[in-house]
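The values are calculated or read from the model by the stated rules, or taken from the named source; none is laboratory data. None of these values were measured; they are calculated from a predicted model. All Cβ positions, glycine included, derive from the backbone under ideal geometry; neighbour counts span all protein chains shown. Protein only, heavy atoms only, side chains kept; ligands, DNA and RNA dropped before computing areas. Shrake-Rupley method; radii C 1.70, N 1.55, O 1.52, S 1.80 Å.
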Amino acid sequence: MKVTPQHHVIHILCRPTEPCFVPKGQMRLAFDVLNNNFLAPQFQDAGMELEERYSKEKRTLVPLKEIDFPDLSGPMEIGREDTFCIFITHHQRMTEKLLNIFISSSEYDDFLSAAVYARDRVNPVMFVLAYSIAVLHRPDTKGLQLPPLHDIFPDKFLDGNIISAAREQANVLTAGESSVVIPPNDSTASDLDPEQRVAYFREDIGINLHHWQWHLVYPFFGPMEIVNKDRRGELFYYMNRQIVARYDNERLCNHLGRVKRLMDFKKPIPEGYFPKLYCSVAGRTWASRCSGATLSNVKREMLNIVYDLDDLERWKSRLIEAIHLKRVIDVKGTIVPLTGTDGIDILGDMVESSKLLSKDYTYYGDLHNKGHVSIALCHDPDGRYEETFGVMGDTATAMRDPVFYRWHSYIDHIFEMHKNTLQPYQHSELDFRGISVEAISVQAKGNPKENILKTFWEERKIALTSGLDFTDHMPIHARITRLQHRPFSYKIQVMNQTKKICKGTVRIYLAPKYDEGGRPMLFIDQKRLFMELDKFQVLLFPSPQLNVIERESKDSYVTKKVEKSLEEIEKELMETENANRKPFVDVCGCGWPHNMLIPKGSIEGFQCQLFVMVSDAEEDLVDVDGSYSKGSSYCGVRDKVYPDRRPMGYPFDRLPEDDHDTLEKFVNRSSNMAVQDVKIVFEDRAEPTH
Ligand code: CU
């Protein structure tokens with residue numbers, strides 16, 4: 001069998017707490033750490049015995065290049081069983097050290113040896129993070145597929161009960177296949193908590209994976225060439241804005257008001273959260289938060305993290321002052337204006353914040369990240385109970401908690417303050433002369449009526465085997481239920497009176513028509529709720545021809561490609577080896593989960609407005625050959641600049657003119673825009689994946 005770097009990736013990530021000399025997966029691949037000094041100290045005494053035991057097993061040994069072993073003393077300061085939190089500066093610094101080792105290894109074989117050497121020595125969560133970022137960014141590993149995180153750490157996504165039931169089955173079964181069924185929507189609270197109505201959104205595996213993946217591609221720490229990406233700060237703003245907008249849409253579908261910002265750090269937080277997740281690395285359950293909890297000063301010396309709520313207040317005021325003065329002052333004292341072009345990008349990196357990219361990290365601070373830490377430790381801020389974090393401390397779990405959205409809605413509010421200092425778009429910035437959108441409609445598959453979208457529950461199996469460390473490799477699955485929609489297509493009719501072929505950018509958004517009180521939305525509120533559904537280019541032929549653009553929902557550039565599980569990647573590797581063909585296309589795993597493209601709607605039908613704008617691609621595109629691709633709207637295009645020159649969220653990112661108090665008035669001004677009422681009907685039944 002030919003072992004390729006893709007085999008290495010999946011086997012290094014498979015069962016991260018199980019040592020790498022234990023054969024893994026269908027191929028029973030193991031790394032040859034026993035015959036030289038690679039073996040981690042905790043196994044060294046048993047070296048001979050281990051060699052004897054595993055040499056009898058059927059296995060493929062992967063040889064390792066001899067290297068000068070990297071100095072891991074820093075990263076190993078974080079214990080193997082410690083709870084890891086990327087928002088803590090010390091944990092960040094140690095991850096950065098590990099990442100630097102991986103990135104600076106000159107040849108692929110050196111990188112592989114360094115990774116295998118570190119794997120069983122450092123904290124497994126830190127390892128998976130640093131290794132995944134390295135694979136995504138090293139030139140010799142780009143294009144390799146990372147298995148989804150729920151394959152590696154299913155315990156970050158599924159109730160502890162499910163994991164123990166699966167373990168039990170894996171240990172008892174000797175053959176065959178088994179499923180542990182997880183019923184929908186019952187994992188973390190009962191209906192007594194109204195917030196439970198949107199748990200299907202918060203606890204959706206795809207949504208949490210998206211957040212983890214986004215931060216892998218856009219880490220706020222690490223080598224400058226990895227951190228400093230085109231419009232990174234603006235992408236943080238836009239990804240954040242879209243998440244809050246989508247959550248608010250989901251809330252309105254479920255008769256909940258829009259999310260309230262977490263503005264006052266000293267006021268009790270009404271929403272509690274009891275995650276019911278068991279962290280197998282730390283051997284602990286993730287901490288819970290009761291309703292009415294308050295934030296306090298954080299004084300956790302053991303974690304190297306000490307700061308006051310007053311620090312958060314100070315950073316907040318300094319950021320807001322900078323926004324109103326339309327400038328920031330960098331670390332050298334230079335005045336940097338916050339313009340309509342890159343002001344949002346500068347602010348995004350300062351608010352998040354990235355120490356490397358912030359104009360002055362000491363002065364403007366670390367508002368968003370430390371907000372996460374304060375909330376994640378609010379149950380034990382001074383460490384007297386020796387408790388670890390709540391789910392807000394991890395990018396793979398944070399979106400489960402209702403408070404995530406309150407905090408991010410506040411972060412969005414800060415960005416909005418900046419956007420409100422900018423001039424409304426002038427007619428010339430919105431218009432596409434000679435182009436008119438004549439009609440738009442959507443059609444769901446299997447539904448004869450136009451402009452009605454349908455959602456339902458979908459049952460789907462996810463594989464657990466590669467995350468059930470120290471069990472036999474039995475095929476075990478969990479059956480989960482998630483929101484899904486019937487595929488639909490857009491039909492957009494456009495006239496081109498310019499007498500020449502034009503290139504247009506089609507921008508499609510959706511927002512609710514009425515507010516929580518049933519009143520028609522004011523444009524100023526509605527513009528913040530527009531969810532981007534798609535953005536793509538078209539050629540427009542001159543009249544008398546009518547351009548009829550048809551576009552399928554599954555091709556959306558907001559959502560990601562279908563993801564392969566670790567088992568599927570392995571299977572594909574085995575099949576392609578037999579067929580002797582090249583296995584993979586380049587994927588970075590970015591993009592919003594496709595099942596969550598549109599909100600749930602309601603049984604009676606949730607009233608929305610579909611907005612379509614066709615803008616001039618000659619002016620929009622940064623590079624004439626550039627184009628959008630799967631997942632590019634919230635995540636950019638790999639190794640390229642963001643293709644769309646317009647500010648992200650255009651045309652809804654700025655205040656409208658005073659006389660545009662409704663969407664209709666805004667749309668009627670420009671012939672290249674159109675709006676259509678659409679209903680989303682939820683069918684309350686579960687269907688298996690097709
Ligand atoms: Cu956050």
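Might you let me know whether the stretch 373-391 holds any residue that is closer than 25 Å to Met648 by Cβ and in the same structural domain as Arg231 (by TED's automatic domain parsing)? No, the stretch 373-391 contains no residue that is closer than 25 Å to Met648 by Cβ and in the same structural domain as Arg231 (by TED's automatic domain parsing). Mind checking whether some residue in the stretch 58-79 is surrounded by 13 or more Cβ atoms within 10 Å (Cβ to Cβ), among the acidic types (Asp, Glu), closer than 25 Å to Asp110 by Cβ and modelled with pLDDT under 85? Checked against the condition, which is being surrounded by 13 or more Cβ atoms within 10 Å (Cβ to Cβ), among the acidic types (Asp, Glu), closer than 25 Å to Asp110 by Cβ and modelled with pLDDT under 85, the stretch 58-79 yields no hits at all. Selection of first residues in the stretch 392-421 that are not assigned by TED's automatic domain parsing to the domain that holds Lys276 and of second residues that are within 11 Å of the ligand (Cβ to nearest atom) and in a helix (DSSP H, G or I), restricted to Cβ pairs under 6 Å at least 6 apart or on distinct chains, gives an empty result. If the condition is being of a type in the set (Val, Ile, Thr), touching a Lys or Arg at 6+ places or on another chain (Cβ under 7 Å) and closer than 25 Å to Val442 by Cβ, then the stretch 475-505 contributes only Thr505. Put simply, of Arg289, Arg318 the only residue that is free of Cβ contacts under 8 Å to residues at least 60 places away in the same chain, surrounded by 15 or more Cβ atoms within 10 Å (Cβ to Cβ) and outside the structural domain of Gly517 (by TED's automatic domain parsing) is Arg318. The residues on offer are Tyr405, Tyr410, Tyr363, and the sole one that is hydroxyl-bearing (Ser, Thr, Tyr), away from the ligand (no atom under 12 Å from the Cβ) and either open to solvent by less than 10 Å² (accessible area, probe 1.4 Å) or farther than 30 Å from Ala617 by Cβ (or both) is Tyr363. Within the stretch 1-27, residues that are assigned to a helix (DSSP H, G or I) sit with their Cβ atoms under 7 Å from residues that are among the polar types (S, T, N, Q) and surrounded by 22 or more Cβ atoms within 10 Å (Cβ to Cβ), at 6+ positions apart or across chains, in these pairs: Gln6/Gln145. Given the condition more than 16 Å from the ligand (Cβ to nearest atom), open to solvent by less than 10 Å² (accessible area, probe 1.4 Å) and either closer than 22 Å to Val306 by Cβ or touching a helix residue (DSSP H, G or I) at 6+ places or on another chain (Cβ under 7 Å) (or both), answer yes or no: does some residue in the stretch 382-399 qualify? No - not one qualifying residue is present in the stretch 382-399. Checked against (1) in contact (Cβ under 8 Å) with a residue 12 or more places away in the chain; (2) farther than 30 Å from Pro124 by Cβ; (3) among the charged types (D, E, K, R), Lys449 meets all criteria but (1).
Asp159 falls short on exactly one of the conditions (1) surrounded by 19 or more Cβ atoms within 10 Å (Cβ to Cβ); (2) at pLDDT 90 or above; (3) not assigned by TED's automatic domain parsing to the domain that holds Val244, and that condition is (2). In the condition set (1) farther than 25 Å from Gly222 by Cβ; (2) open to solvent by 40 Å² or more (accessible area, probe 1.4 Å); (3) modelled with pLDDT of 95 or more, Cys253 is compliant with all but (2). Screening Tyr650 against (1) open to solvent by 60 Å² or more (accessible area, probe 1.4 Å); (2) out of contact with any strand residue (DSSP E or B) (no Cβ under 7 Å at 6 or more places or on another chain) leaves a single unmet condition, (1). The stretch 541-643 holds helices (runs of 4 or more DSSP H) entirely within its bounds, and those carrying 1 or more residues that are touching a Pro at 6+ places or on another chain (Cβ under 7 Å) and at pLDDT 85 or above map to 566-579. Out of everything in the stretch 117-134 that is surrounded by 22 or more Cβ atoms within 10 Å (Cβ to Cβ) and over 26 Å from the mean Cα position of the chain (by Cα), what residue ends up being nearest to Val22 (Cα to Cα)? Per the criteria, the residue is Asp120.
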